[in-house]
1. List the lysines whose Cα sits under 27 Å from the Cα of Lys43, skipping any in the same chain fewer than 8 residues away.
2. Using the Cβ atoms and a cut-off under 12 Å, what net charge is assigned to the surroundings of Leu80, where Lys and Arg are +1 and Asp and Glu are -1?
3. Tell me, what ³J(HN,Hα) does each residue in segment 23-36 have, in order and in whole Hz, if you take phi through Karplus 6.51 cos²θ - 1.76 cosθ + 1.60 with θ = phi - 60° and put x for Gly and Pro?
4. How many percent of the alpha carbon pairs in segment 18-88 exceed a separation of 15 Å?
5. For every other residue with a beta carbon closer than 14 angstrom to the beta carbon of Leu18, add +1 if it is Lys or Arg and -1 if Asp or Glu, then tell me the sum.
6. Let me know the Kirkwood hydrodynamic radius for the chain, please, with Cα pairs as the basis and the value in Å to one decimal.
7. Can you tell me the equivalent ellipsoid semi-axes for segment 1-56? Use √(5λ) from the Cα gyration tensor, largest first, whole Å.
8. What is the distance in Å between the Cα centres of segment 26-56 and segment 87-121?
Amino acid sequence: QVQLVESGGGLVQAGGSLRLSCAASGRIFSINSMGWYRQAPGKQRESVAAVTSGGSTNYADSVKGRFAISRDNAKNTVYLQMNNLKPEDAAVYYCNAELRTMAWGRAYDYWGQGTQVAVSS
């Protein structure tokens, strides 16, 4: 089995910073991409940022210049540094990993349980 465990959410004032972490564990052969999604009440889940095993990154336009995603391949961990947080960044943030549990076969998506980020104005 595979587990993704997130940490680092909380309440912060607008303009503040938070750092999210997500560690993948279990039967993992290789991880392709890791990333963060978020879902605010009444809205669809959206991609925030992602990083490939080679270190290539992409970001949602709404967070470019404020958020930074990074990855420690040795620890199967992905981080999201969130700076200059805005009230509209408030959401449940979910970690995602596309990974293989065996050397052969396709990669599948796995999800964390989510961590709440609240931003006060």
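1. Straight-distance partners of Lys43: Lys64, Lys86.
2. Once all neighbours under 12 Å are counted, the net charge is +2.
3. So the J values, rounded to whole Hz, are 10, 9, 9, x, 7, 10, 8, 7, 10, 7, 10, 10, x, 10.
4. Of the Cα pairs, 54 percent sit more than 15 Å apart.
5. In short, +2.
6. Roughly 14.5 Å, rounded to one decimal.
7. 24, 14, 13
8. If we compute the Cα centre of each part, the gap is 5 Å.
Only the coordinates and a few stated rules stand behind these numbers; no lab work does. Quantities reported herein were computed from a predicted structural model and do not represent experimental measurements. A quick note on method: Cβ atoms are made from the backbone with ideal geometry, for glycine too, and the neighbour counts reach across all protein chains shown.
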